[in-house]
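Report on the following structure.
The values are calculated or read from the model by the stated rules, or taken from the named source; none is laboratory data. Predicted model only: the values in this text are computed from it and were never measured. Note: ideal-geometry Cβ built from the backbone for every residue, glycine included; neighbour counts use all protein chains shown.
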Amino acid sequence: MNKAITDGLVLMPPPFADGLNLWSREDGLSGQGSYAGQPNAAFVPADADFGGALELQKTQAIQKLRCFQAIPMQPGLYLQVRVRVKCVSGAFPAVRIAGWAGRSDGSNVPGVVQVGPLVQLSQYGEVVELAAIIGAGGRGGVTMAWGATAVLGHIGLDLTGANGGVVRIDDIEIADITGIYLRDIFDAVDVRDFGAKGDGVTDDTAAFDAADAAAAGRTITVPAGTYLIAGNLTIENPIRFQGTLIQPANVRLALTRNYDLDTYTSAFGNELAGFKKALQALFYFTDHVALNLSDRRIDLVEPIDVAAICGLTTFAQRRFLTNGQLNAVAGPGWDSTVVTSGTSYNPASPTLLASVANVASIPVGARVSGPGVGREVYVLDKNVGAGTVTLSQPLWGGAGTRTLTFSRDKYLLDFSGFADLSRFELNRMELNCNGLCSGVMLPRIGLTLQIGHCVFNRPKDRAITSIGTGCQGLIVEGCQFLSNEQAMLAQDRTTIALNINGNDAKIRANRVVRFAHFMVANGGGHLISGNHFFQGDSAAAGLRRAGIVVTQTNPRLTLTGNYIDNCFIEWSNEHDATPDFTGGFSFGNMSIAANHFYASDVAPWFRWIVISPKGSGHFVHGLSVSDNTFRAVNGAVDRVEAVDTSNGTLDFGRFRNLNFGSNAFTGVTQLAMSPLTILHTQNTAADTWVVDGAAFMPFGARARNTQSLVADGAITTASDVAQYVMPFVLNEQGSNRDLVHLRWPSAVKGKMLATIRCDNPT
């Protein structure tokens, strides 16, 4: 490629025949002295070797010769300077090609080499040819690398050594040899042409910036070497790496045209470093909303602290990480931190622990366990000076001092450093925990995060953890959760796939295999649909654990279309600082519809729906259990629902708006229904008929309401005389208040269809 032709550059200095006034005896700058009329310089028109030539006697320590003509320089242009010289008399000097590098403001370019190698003359009349290459970058063979700021040069030569010698100099020739360095100048821009050194020491940020500015759609090439990028750098053009970059952790590299793991891996020499830098860039520029890992696996020996890598604590624009695998590799970086401390708790400050011993050593994100602590309570914040810890949920065990354990597990992706992160997504990712670590810790506050079509493989402790309200509006859809404890008995498992503290989560179409629990859910407004979670084991008549634990009494929750396999729904108030009911809402506002409940090899006392109140006075108001199928195989279960009275019971006299009907039962000894339509047959005339539907009442509730009575055939006296009267009803009869009495004006017999409810409908 010849830029003299393509760009119309005038590169050749004037011949000596045009006049010595065109040649400077200094640096070639305007106003400096020329060789015209100098006693030590003359033009020789007919030299035997050169034709026209300059004859010059050396009279100074460094005898300079520079053309006044400014030879243009620019990044990507490489010039070869050639000259022939011979000594004709006197002392033999040394000769070198030299020049003066100028910037656009007329100043000299500092710190660059502006002389070529010396050649010592040693014989009179011997023609010696000198050559040097001048360009912006330190490419192979370049004698004088002037950097990207040089725009012109005054080219010539120097005589050094002893004075007195006389030399003749042929016309200086300058040729464009750019094509030697650029195979196709229209396709590639080399960072070395803009001054990049690639020595691992020189800051090459400006050279990369200049190359990007000049590329104009062409591909930037980064040859072999190590390039220090000390400042934030955005490359707007395609780029290809043979060399590698080194960059401080807090400095960003944004490759807007090659934003993928492969390019970042090439840039930094390994996948992990490339992934971290690419993830950092994801939060800082808007050309791409997704980081595509190109179906690659990235091995991790410690957690990815996303907030620390990005240098941010808040972010609210849509970004997502997709198409790859994060793979945990054994190492001490995954070891959990466990701290045991004495604490004080007052329900008046429901999420605050006071007088916490050794509070400085308790990490944010630690899981709290101990007496009176519900499941999935985490450290949201701490104040070392005040000795306090802020919790994600209240404790239910009442006021007082207690010793608690704080366990900080390690996660492949840890977002807990974000005070607020919204609209971030994980899509088609495999988080391969290998039993070494947990999966994803959500930010402390967030909105509408999405995790879709991901695989959580063998998490050691948790798959997805929320330590605050980063789960607000969380969407988890189409994921697989594969436990690390599949071979263990159900009662021995400790891992949990997911917990929720905020509201309005959508948990849909996930498959969850043999965890201790699928989900522990506080908050309200959740939609849980289409999931298959199974938690069985190989034990005969084995114990079973809750698949879903709901910890808010009034959760506005819909559970529909799920396959609930060898586990159950547990509904508690274990995240309530004052668990005794004194006002507000008790257990209600939940719909359990069109689910398939299944169990195999379980004990008869197994139940699929369990209410577990902590404290007294609670009741059910607003629960619908309808259109579900309940099936037990390899053994029957007594019934499908129960109240766990370990820490409290229900006030059956306050049940309201509970519908338990249109369900199908297989392998269930006693059905549960309310409203219950039951046919009572009275074979012996009596004025009080006792209608017993107690066994059908859900949760062992009372017979509180009789909606209707319909005679099935004639009501007759003992002598079979038809009677045309109706009874009045006495509800809540018997010692357990679960019978209905029909009171007649006189003793009668017959059949009566009674519709009984365990609640008052309003």
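Would a scan of region 42-60 turn up a residue that is in contact with a Phe, Trp or Tyr (Cβ under 9 Å, 6 or more places away or on another chain) and part of a loop (DSSP other than H, G, I, E, B)?
Within region 42-60, not a single residue is in contact with a Phe, Trp or Tyr (Cβ under 9 Å, 6 or more places away or on another chain) and part of a loop (DSSP other than H, G, I, E, B).
Out of region 328-352, which residues are hydroxyl-bearing (Ser, Thr, Tyr) and either farther than 30 Å from Leu413 by Cβ or not in a loop (DSSP other than H, G, I, E, B) (or both)?
Thr337, Thr340, Ser341, Thr343, Ser344, Tyr345, Ser349 - these are the residues of region 328-352 that are hydroxyl-bearing (Ser, Thr, Tyr) and either farther than 30 Å from Leu413 by Cβ or not in a loop (DSSP other than H, G, I, E, B) (or both).
Can you give me the ranges of the strands (runs of 3 or more DSSP E) entirely in region 471-534 with at least 2 residues that are modelled with pLDDT under 95 and surrounded by fewer than 24 Cβ atoms within 10 Å (Cβ to Cβ)?
none
Conditions first: (1) over 30 Å from Lys197 (Cβ atoms); (2) of a type outside the set (D, E, K, R); (3) modelled with pLDDT of 95 or more. Val95 passes all but one, so which condition is the exception?
Among (1) over 30 Å from Lys197 (Cβ atoms); (2) of a type outside the set (D, E, K, R); (3) modelled with pLDDT of 95 or more, the lone unmet condition for Val95 is (1).
Restricting attention to region 247-304, report how many residues are more than 13 Å from the chain's Cα centre (by Cα), buried (at least 19 other Cβ atoms within 10 Å of the Cβ) and of a type in the set (Lys, Arg).
The total comes to 1.
Going by what's in this entry, would Phe533 be described as under 22 Å from the mean Cα position of the chain (by Cα), of a type in the set (Phe, Trp, Tyr) and farther than 16 Å from Leu447 by Cβ?
It is false that Phe533 is under 22 Å from the mean Cα position of the chain (by Cα), of a type in the set (Phe, Trp, Tyr) and farther than 16 Å from Leu447 by Cβ.
Filter region 639-662 for residues that are in a loop (DSSP other than H, G, I, E, B) and closer than 14 Å to Met697 by Cβ and give the result.
Matches in region 639-662: Arg639, Val640, Phe655.
Taking only region 214-241 into account, find how many residues are outside any strand (DSSP E or B) and charged (D, E, K, R). Give the steps one after another, and end with the answer.
Here is the first cut: in region 214-241, the residues outside any strand (DSSP E or B) are 214-218, 223-225, 229-232, 236-238.
Narrowing the set further to residues that are charged (D, E, K, R) leaves 218, 236.
Residues flagged as outside any strand (DSSP E or B) and charged (D, E, K, R) within region 214-241 amount to 2.
State whether one or more residues within region 593-603 are without any contact (Cβ under 8 Å) to a residue 40 or more places away in the chain and of a type in the set (Val, Ile, Thr).
Checking region 593-603: not a single residue is without any contact (Cβ under 8 Å) to a residue 40 or more places away in the chain and of a type in the set (Val, Ile, Thr).
With (1) out of contact with any His (no Cβ under 7 Å at 6 or more places or on another chain); (2) assigned to a strand (DSSP E or B) as the list, and Arg66 as the residue in question, which single condition is left unmet?
Single failed check for Arg66: (1).
Where residues in region 626-638 are free of Cβ contacts under 8 Å to residues at least 60 places away in the same chain and assigned to a loop (DSSP other than H, G, I, E, B), which of them is surrounded by the most Cβ atoms within 10 Å (Cβ to Cβ)?
Asn628
Limited to region 558-575, what total is found for residues that are surrounded by 22 or more Cβ atoms within 10 Å (Cβ to Cβ) and assigned to a strand (DSSP E or B)?
Matching residues across region 558-575 total 7.
With respect to the numbered conditions (1) of a type in the set (S, T, N, Q); (2) without any contact (Cβ under 8 Å) to a residue 40 or more places away in the chain; (3) touching a helix residue (DSSP H, G or I) at 6+ places or on another chain (Cβ under 9 Å), which one is the sole condition not fulfilled by Ser349?
(3)
Kindly evaluate His532 against the criterion of being in contact (Cβ under 8 Å) with a residue 12 or more places away in the chain, under 24 Å from Gly468 (Cβ atoms) and not hydroxyl-bearing (Ser, Thr, Tyr).
For His532, the condition - in contact (Cβ under 8 Å) with a residue 12 or more places away in the chain, under 24 Å from Gly468 (Cβ atoms) and not hydroxyl-bearing (Ser, Thr, Tyr) - is not met.
Where residues in region 576-605 are aromatic (Phe, Trp, Tyr) and surrounded by fewer than 24 Cβ atoms within 10 Å (Cβ to Cβ), which of them is farthest from the chain's Cα centre (by Cα)?
Trp605
Could you pull out the residue among Leu658, Leu650, Leu623 that is touching a Lys or Arg at 6+ places or on another chain (Cβ under 9 Å), in the same structural domain as Ile592 (by TED's automatic domain parsing) and crowded, with 16+ Cβ neighbours inside 10 Å?
Numbers: Leu650 fails: touching a Lys or Arg at 6+ places or on another chain (Cβ under 9 Å); Leu623 fails: touching a Lys or Arg at 6+ places or on another chain (Cβ under 9 Å).
Leu658 is the lone residue from the list that is touching a Lys or Arg at 6+ places or on another chain (Cβ under 9 Å), in the same structural domain as Ile592 (by TED's automatic domain parsing) and crowded, with 16+ Cβ neighbours inside 10 Å.
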